[in-house]
1. Please report Cys215, Cys50 as a ranked list, fewest other C-beta atoms within 10 angstrom at the top and most at the bottom.
2. How do Ser126, Ser99 line up, fewest other C-beta atoms within 10 Å first?
3. Quick check: residue separation of Leu190 and Gln42 times 0.36 nm, minus the Cα distance between them. What number comes out in nm?
4. Any of Lys26/Lys217; Lys150/Lys217; Lys132/Lys157; Lys132/Lys164 with alpha carbons more than 27 Å apart? Name them for me.
5. Give the percent of DSSP beta bridges with both residues in the chain that are antiparallel, rounded to the nearest 5.
6. What percent does the relative contact order of the chain come to when contacts are Cα pairs within less than 8 Å and at least six residues apart?
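Just so it is clear, none of the values below were taken in a lab; they were calculated from the coordinates. None of these values were measured; they are calculated from a predicted model. Cβ sites come from the backbone with ideal geometry, for glycine too, and all protein chains shown count toward neighbours.
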Amino acid sequence: MTTIDSSSDYFVDQYRDYERQNSPRKLDHYLDVIDSHWAGGQAELLDIGCGLGSFLDRTHHRHPTWGLHGSDINRQGVEATQARVPRATVTLSSADTRSHPASTFDVVTAWDVVEHVESIDGVADSIDSMLKPRGLFFFVVPVYDGVLGKVVERLDKDPTHVHKRGRDFWLDWAAGHFEVVDWHGIFRYLVAGRGYIHIHTRRFRRQGSAVLAVCRKAVR
């Protein structure tokens, strides 16, 4: 299990540009993907690794009636998210812990989270348990293959990235636990003084510096 982090230094040390890296353009892309696959109307959504709450805040404004939930191992993140989205239920928990009852959520998201967790099979088991039948799991991970692989690795200064793998590794992992419905690539980069580049692509999905995968709870 990943250790709970009670410090307030993580976001300052590793993601001091957190708001720029979570631009409205990027978050709207995530929500567009969710909306294109979730056709059930009302939903209960859990954002694992909710950070400082930017995604849940954006989701709240687009889907004001959805049930919103978040979890993070960092106490500062939990407190910031709860203050930012008061109607959300936010808990201090690691991604590889079943922090909610079985069959609770229609949608589970993990944006740049799974690569931080040592027990990725534990993550998958937890998410599978918490998803309702045919529920959806969306995740983004950085990838270290393709033409930009070496560049991504060189620019990655986050010591908590314990899995630096290629896209096929992550797609195989997902397929071992869920039904992989779709996936695409993302080119992204924080340009000093000029904002955050976030371009999603299907045509060049094997060259992007990250991937976004859409998974469905498997029928057993």
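1. On the way: Cys215 26, Cys50 31.
Sorted ascending by nearby Cβ count, the order is Cys215, Cys50.
2. Numbers: Ser126 22, Ser99 17.
So the ranking, lowest neighbour count to highest, is Ser99, Ser126.
3. Values: separation 148, 0.36 × 148 = 53.28 nm, distance 3.41 nm.
Extra length available between Leu190 and Gln42 comes to 49.9 nm.
4. On the way: Lys26/Lys217 25 Å; Lys150/Lys217 33 Å; Lys132/Lys157 36 Å; Lys132/Lys164 30 Å.
Too far apart for the 27 Å limit: Lys150/Lys217; Lys132/Lys157; Lys132/Lys164.
5. Working: 22 of 41 bridges.
Antiparallel bridges: around 55 percent, rounded to the nearest 5.
6. Details: 442 pairs, mean separation 40.5, N = 220.
With pairs under 8 Å counted, the relative contact order is 18 percent.
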